[in-house]
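What follows is a set of notes on a single structure, which appears directly below.
Derivation of every value follows stated rules applied to the coordinates shown; laboratory data play no part. The model shown is predicted, which means the values in this text are computed figures rather than measured ones. Backbone-built Cβ (ideal geometry, glycine too); neighbour counts: all protein chains shown.
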Amino acid sequence: LIAFLNDVFFCIFPETFLTQTDDEAMSRASQSEKPPIPLRIFQKETHWYRFLTRELDYGTLLSKDGTFGNVSAKQTDNMLFEMADLENFMLEINQRQRRRSISSLREIRLSGKHRSITEQLLEKSQSGMPTWYHWIDYCCQAVSTRSVIPFESLGYPDMHGCYPNLPQQKLKCYPNALLNMVGHLLERLESNKDYIPKVVYDLDQLVATRRTYNTSKFILNNDIVKLGRSNPNTTSLQFESRFEGGNLRKVIQVGPYEYDLILTPDTNQMNEYYHTYYFQVSNMLTEISYTLNIINCVKTRSLYNSGMQPLVFSVTEALLGRPGWVRIGGNCVYYRNFYSRGSSSTAAKSSETVTSYYTASFNVHFRHRYDICYFAYHYPYTYTMLKTHLVKTNQLLSLKKDIHFRTDVMCHTLSGNPVILVTVTELGDRIQLKSRDIVVLSARIHPGESNSSWMMHGMINYLISDHPFAKLARSKFIFKLIPMLNVDGVINGNHRCSLAGKDLNRQWVAPERSMYPSIYHTKNLISYLHRIGRTPFVYCDFHGHSRKMNVFLYGNNPNLSWYTGDRLQKHGFEFYQFPEILDETSTAFELKYCAFTIKKNKEGSARVAIWRDTGISRAYTLEASYAGFDTGGYKGHQITTRDLIEMGEQFVESLVRLKKSIEQGKSPTRRFEIGAEQKE
């Protein structure tokens with residue numbers, strides 16, 4: 001009885017037991033063999049709870065007649081009731097109630113033993129799990145997201161927003177991991193002679209054998225009702241990646257608790273770019289060390305050997321009040337394996353001798369029996385998340401009369417998804433607007449670099465806030481933001497390419513409108529501003545870096561160019577000033593990691609091509625590490641979404657400081673030049 005009351009108390013007051021969920025806590029098995037009592041209550045009543053909170057907290061999003069935009073009331077009811085129809089629970093509801101308007105759902109009588117708990121949950125909904133949007137908002141936006149392979153569900157972490165307040169975790173290095181791996185491989189060869197490997201997940205087969213598709217295009221997530229339930233047909237881990245951003249192609253079980261994973265290639269890729277991943281795991285047991293080996297990586301180095309760990313999101317932990325992506329995994333190691341890349345690979349055709357794949361291997365203990373967990377290389381940020389965030393932002397700003405926030409469709413991708421252009425500034429007359437400098441910023445040209453989206457997310461939220469620096473920024477600048485350049489790549493789980501099969505950050509010199517529409521229109525926007533005398537004050541393209549720590553910039557110093565003609569240019573080293581200010585403003589930024597060389601193989605990148613086309617001296621690439629920090633105040637810690645969001649905020653602050661510094665006639669100190677020839 002005491003245990004029951006204790007569980008119910010935690011369910012009602014979730015904020016009272018928010019804890020630091022780190023890799024050590026996650027590796028300790030939960031004492032309960034079944035889902036905790038609050039979780040079982042959620043499984044029964046969760047959809048009603050969500051609809052009620054939707055109506056109470058977000059009812060204004062519906063039209064006066066209870067519809068979504070141009071969708072009729074009947075279609076709205078059918079759509080929303082379809083979303084609630086989990087495991088035929090709706091069959092218990094009277095058909096007359098089923099036809100009632102969604103606005104009357106708050107009047108539905110819940111079962112007696114759950115009603116009081118649900119009501120108290122509703123009272124706590126404003127201070128419950130931290131989210132930036134409601135899950136129904138996400139579902140509605142997901143309808144228009146076009147993918148190559150039809151999705152089976154929505155990712156639970158993506159549906160339920162971001163959790164930026166989890167604490168930093170320390171970098172975890174395993175000095176003997178590679179040596180231990182050699183021993184493990186030898187042991188595996190010996191012990192698995194009698195073990196026959198078996199395929200437990202095959203995306204190609206699933207796609208080829210699927211007969212029916214969801215014609216309504218409305219996809220949901222039913223992870224909650226699956227929690228605590230095992231697959232009676234197998235004891236193997238179960239895998240899934242048919243959701244937005246997922247990219248797992250095949251899984252082979254090579255031992256009782258060991259699995260080899262193969263990532264999907266970038267769509268139509270002409271070079272190999274296997275690196276980042278996002279997939280779901282279920283049917284696990286506790287007190288067991290599972291080994292996951294991602295065996296078709298191609299980079300020669302990885303931050304796994306420098307203390308980085310994989311990210312895991314536990315659905316059970318989220319429902320128990322501890323939501324968020326957590327770094328877990330022991331014996332993380334990255335090494336060259338014995339699988340050949342084949343004669344068709346880029347490496348084999350070139351003069352390089354590296355023709356093997358690499359393996360990223362780690363061990364994991366699961367905290368909850370039959371949980372559902374999502375694994376990711378870095379914090380996912382989907383295209384649907386971006387759309388939902390921008391819609392929500394527009395709604396919030398409808399009450400503010402002093403901010404100009406506008407979203408436009410700049411163009412459409414090869415699969416027909418809109419590429420969004422965001423404009424942010426302070427409202428003003430024509431003279432005021434003409435006096436403001438223009439800042440153009442872009443992100444996510446490489447789909448696997450989701451850290452760039454988190455920085456952009458932080459920047460957008462900061463720009464519309466009431467912070468003094470945000471107000472100054474809006475009064476001094478007109479921001480033109482392209483938050484996601486490679487939309488198709490993000491949706492389909494690519495690491496580097498668009499559907500054209502090419503790296504978009506090598507197409508800026510002469511982008512084809514039909515093949516690379518987002519690059520074509522972004523470059524033309526900047527060129528147009530240059531032609532009319534409104535050359536951008538700063539252009540920056542946001543990226544993620546897989547081999548370096550901290551956050552840093554790449555810029556263009558003509559003195560360090562491969563081309564002799566560039567070295568004859570006269571300049572005032574103005575490109576140094578902004579990174580110097582960023583270094584003073586941001587804890588995460590590290591000046592000594594910046595580089596200003598102009599290499600021949602970078603001519604097709606945004607930074608170099610925009611500088612060469614328009615003469616913008618402050619054209620940069622902002623790089624954020626996938627792993628963490630080895631200097632400064634965050635030294636020894638792995639990077640979090642909070643750090644990335646904060647970096648976006650500090651980028652805006654630094655722009656304001658830069659403008660003020662120029663107005664005061666200050667010049668760059670050029671203290672960077674000690675390390676000016678840093679390698680990119």
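Between the beta carbons of L397 and N271, assuming R0 = 35 Å, the FRET efficiency works out to 0.25 to the nearest 0.05.
For the stretch 527-680, the extents of the C-alpha atoms along the principal axes are 43, 34, 30 Å, listed from largest to smallest. Convex hull volume of the C-alpha atoms in the stretch 276-347, normalised per residue: 134 Å³. Taking the fewest neighbouring Cβ atoms within 10 Å as the starting point, the ordered list for I526, I639 is I526, I639.
Relative contact order for the stretch 563-677: 42 percent, from Cα pairs under 8 Å spaced at least 6 residues apart, divided by residue count.
Between N176 and D204, the C-beta separation translates, for a Förster distance of 35 Å, into a calculated FRET efficiency of about 0.40. Over 23 Å apart at the Cα level, from the set K523/K599; K434/K471; K471/K659; K387/K602; K548/K592, are K387/K602. Note on R341 and L285: their simple-model spin labels are 3.9 nm apart, each label 7 Å out from Cα toward Cβ.
Considering the stretch 374-466 at the alpha-carbon level, its Rg and Dmax are found to be 15.0, 51 Å.
Rg and Dmax, both from the Cα atoms of the stretch 391-664 and both in Å, are 17.8, 55.
On alpha carbon coordinates alone, what is the Rg over Rh value for the stretch 434-526, Rh being the Kirkwood radius? Value, to two decimals: 1.04. The convex hull defined by the C-alpha atoms of the stretch 528-578 has an orientation-averaged projected area of 5.5 nm².
For the pair K193 and T355, the difference between a 0.36 nm per residue extended length and the Cα-Cα distance amounts to 55.6 nm. When each of K570, K502 is scored by the number of other beta-carbon atoms lying within 10 Å, the sequence from fewest to most is K570, K502. Ordered by the number of other Cβ atoms lying within 10 Å of each residue's own Cβ, fewest first, T522, T209 fall into the sequence T209, T522.
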